[in-house]
């Protein structure tokens, strides 16, 4: 380290010099003093160094330009004696000064700037400081033009440097809003000349750019039209404007026709309001010191009638939705009637459109100025804005635009634009203020002088036609309105203007292509008149309409703007109807437009839920008869239709909907439904194989959890008091579903891999060459689904409680389940089944689409969020994985489907005959032969096949077939591929073969397949018990039934039966069977005996002292749940509803006979009575009172005695009279005398004690006279 002057070193040097001159003794003293001084200094220095810290201020430094200088300071806490400054690892400077001057040649370039500070005993380092050095200022330059001229655009560009904010200054004054690297000035003038600079702001500092001096050269004035066309309403002020260029003009001079010129200094001018049709041209000239200028064309000004907002109304015969005005549309100022579409100008100046090609709503015209006119063509909508802008909008979203127009007209696919002089009109050509076009493209134009010009192929206007202010075009004719209010028509004699019409203020014309059209006129008083071909579409306006403000004619209808909302125009009125009871009928009230809400009334009362134009009544009965009216709400108010009467006549039943044939799997479900009309009550009775089904009394017969016994014919009889009717006979076929093992077969190698467990059905989730982790979904006999993958262990899926799956369908999208209750579910799918996917009888997949067949024959197909497809398949009972279905009679139904899969999609050939099974372009005929029509023409026939399946080999896509022989053996049916040569033997019988990727899924059935298993049962005591099993083929030789695991003697048939069950016959039952092909056993059936309650222990009573307690209890057996109730002396004890009853603090009120009554759904039983005796001795609550009597008059002595009965009473006359026994606590004297006077005493006794009363006095006194 470089030596420096430390205080301790100074002391050391001084003492060293002194010691050289001193004696030895003196030197020792000096050294001792030196040691003491150094110790003091070291102690002080140690305390100061312990707090030494250093930092650099400022922590961020900016140096701009080569001459820039700045100081940084090392700020310390505690004394520092020496400083070393570094840039990265390079030493910049060192010394005792804490200040470092940066700039010149001292610029940190090796890394961040930091400082190391040292004291006598320690060294500390600062945090790095940021030092930025810019060798030159950011640059500014003029990007365009190289030499700015007044009136041109000026673009300044700043150098791109990092910044968080940026601002421009001109002559050191901030330019508001200019915060980008590019500064653009349009129409630059002398006020824009000067010195520009940009200030870059960062998080730490601000960097100024270099200065840029800009000069702008003067230039003569120039003018362009800012508003080449203006459309104003009569009475409104008119604002015109130009866009100047060059040096700003000092003066603008505006002139219009013969009016005095207007001078000003602004490029805009406001003209005074002008009367209607006072169209004019406006010229402008601008000047400055360098010259004058005028625009290339004058400004066209068109003055139209003032639009008053009103309510939209329509009349005529509307074949297109364009005539149906949206109910959400408020007041409008203008209308446009077309053919397929209509439009309107809203009160706020925006354009609306609705119709066949446009959804109702605002039209995005894409222009900020208001809409002056809207016109409707065949599919397009045209809009003319107040600034002369034209926009033709197409339904696909495209537009065509043009500026500087004064009028626009459309008809069919043709349109015409009348341009102002500043528009696209050729130089020197006349300019036009109005235009009209027919659907054949022929057009007429109205010049500013009131004359009309037509296209070469159009009929010429009448000679001398002048002073015209408006023109319109119909289907074959043109129509003109003159300033004096008269109308002129030419081109079609049918539309000749009627003589004597009052003054017309507006006209319109319409009609169908190629046919005579019609004309509409608006009179000054607001009355609408029509002429021409008005009968064909009822084009005479309704009587009584309010005053009209505007009109427009379309193809077959017309629109008007009314000062007040008009009552609705009826298109279809409700009519009187006579209908048979039980039938359906309807009433309808359609109005032309404007309906916001409907409500139907029956005999003056609103009909709930009937809020549409059509009132649909199903199964009308006598209560449905009466007077009906509809109430409609429009913008004009609330109106009612004519009253219509519905008469309902009594009728015998008639079948309106027949039940359908059904094909079910064992344990599947279906619903047979019939609907009948007739006078109610209508009663149903269902029959199976000719026998009435007990309790089947509804229009729907559910067949749930079916077995083979439910197969057969079904029909329903419908009766009422007037007669009866029968449905057709339908058939229900129940297919056995044996349980088997599921395996995958690779046809190219013969390898077979099996899955653990048993299944009754499966469906592929990996068709074609696609290989999924999950290959298939299987269905277990218990109604659970399982995913089948590459491992042998299936993945069982949880099933909602109480729901059993009866069918599964798989696709590469997932799995679909059909439940026994007719519901469907695709687990994990974000796209649920349609709401009407109920009472489903079959499911499948067609391509990627789910498909479900309702009990009424409706096929629902859906996929993701696409619309649900609904197809009526009539009598279909079986679906396939292609657009084919089969009826029970064997007919094949081919139907269109939204899915496009690998399956064939063409109808089967004629003449094949009934099919026993149908698949994707495959079928099995009634004689057992197979047929393939999907990819061969003519169809290929194969002998003896129960089931056919298409394979998906990697190289030969879906062309090869595997089939099942009539004995259930797998064999190759059509060896069309070389790699399908090995068919393994020993697979046993197979019920299903379906392609799973490049393999074949096979379901092997057991040796003795059981198609009907013993079922769980709940029986009453005494009911018969019948357990049965049914085999698909002949039963095996040995069968043995078991009860709770023990074999039952003589129970060796397919059926086990007991004529009358007892409570001991409940438990588990199953059967084992064996034969030459193997052995197996049935499922376990649980039998529950439903018995009335049984008392296994009755309550026991007792004799107890007063104040004591007792607990009565009983034990109850039988089928739970029970209802229990205790009774005392035949009266229920409140709250005593359990098997025990506890009595405490006993008194006479609890003495008596107790019994428990138990009941359930199967009977009521009483327990044996239990006697509870409360031992209460006699008591005298009150002393007996003395008695005063009269001779000869009956009298008695009495007392109140309590205690347990029986009580015995004995009276004595005191002091020693004999005992007198009485039945009650009363001593009677029928005819007392004076000798009976005295004192008496009562003694009461029972089994538990005795009590004696106090003396009772009897006084006998003669009665007073």
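Summary table
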| item | result |
| --- | --- |
| Among beta bridges that DSSP assigns inside the chain, antiparallel share in %, nearest 5 | 90 percent |
| Highest to lowest packing among 380-389, 1197-1206, scored as the average C-beta count within 10 Å | 380-389, 1197-1206 |
| For the chain: relative contact order, % (alpha-carbon pairs under 8 angstrom, 6 or more apart) | 4 percent |
| All-pairs alpha carbon distance profile, the range 472-544, 5 Å steps from 0, percent | 3, 18, 30, 26, 16, 6, 1 |
| Added length on full extension, which subtracts the Cα-Cα distance from 0.36 nm per residue, residue 186 to residue 399 | 73.7 nm |
| Difference of contour (0.36 nm per residue) and Cα-Cα distance, residue 1165 to residue 821 | 120.0 nm |
| Calculated FRET value between residue 829 and residue 894, using beta carbons and R₀ = 30 Å, to 0.05 | 0.60 |
| Reported label for calculated Kirkwood radius over Cα pairs in Å given (i) 34.4; (ii) 45.9; (iii) 37.7 | (ii) |
| Full-extension gain in nm, residue 258 to residue 1231, via 0.36 nm per residue minus C-alpha separation | 335.4 nm |
| Inter-label distance for residue 289 and residue 139, nm, one decimal - labels placed 7 Å from Cα along Cα-to-Cβ | 3.6 nm |
| Sorted by Cβ density within 10 Å, fewest first, the residues 472, 178, 215, 812 | 215, 812, 178, 472 |
| Cβ-derived FRET efficiency at R0 60 Å, residue 205 paired with residue 226, nearest 0.05 | 0.85 |
| Per-peptide average of other Cβ atoms within 10 Å, ordering 301-308, 224-231 highest first | 224-231, 301-308 |
| Near-label residues of the range 1098-1136 by backbone N, under 18 Å of a point 7 Å along Cα→Cβ of residue 1020 | 1118-1123 |
| Ellipticity estimate at 222 nm from DSSP helix runs (n ≥ 4, -39,500 (n - 2.57)) divided over the chain, nearest 500 | -1000 deg cm²/dmol |
| Whole-number percent relative contact order across the range 53-134, with pairs defined as alpha carbons under 8 Å at least 6 apart | 40 percent |
| Value of relative contact order over the range 755-911, rounded to a whole percent, pairs C-alpha under 8 Å and six or more apart | 12 percent |
| By average C-beta atoms within 10 angstrom, highest first, the peptides 52-59, 1125-1132 | 52-59, 1125-1132 |
| Projected label distance in nm at residue 618 and residue 680, using a 7 Å step from Cα toward the beta-carbon | 1.3 nm |
| Backbone N under 14 Å from the residue 1100 label point (7 Å along Cα→Cβ), restricted to the range 1106-1140 | 1111-1115 |
| Angle in degrees between helix 7-21 and the longest Cα principal axis of the chain, rounded to the nearest 10 | 70 degrees |
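Read-outs throughout are calculated quantities, based only on the coordinates presented, and are distinct from any laboratory measurement. All of these numbers come straight from a predicted model, not from anything done at the bench. Note that each Cβ is placed from the backbone with ideal geometry, even for glycine, and that neighbours are counted across all protein chains shown.
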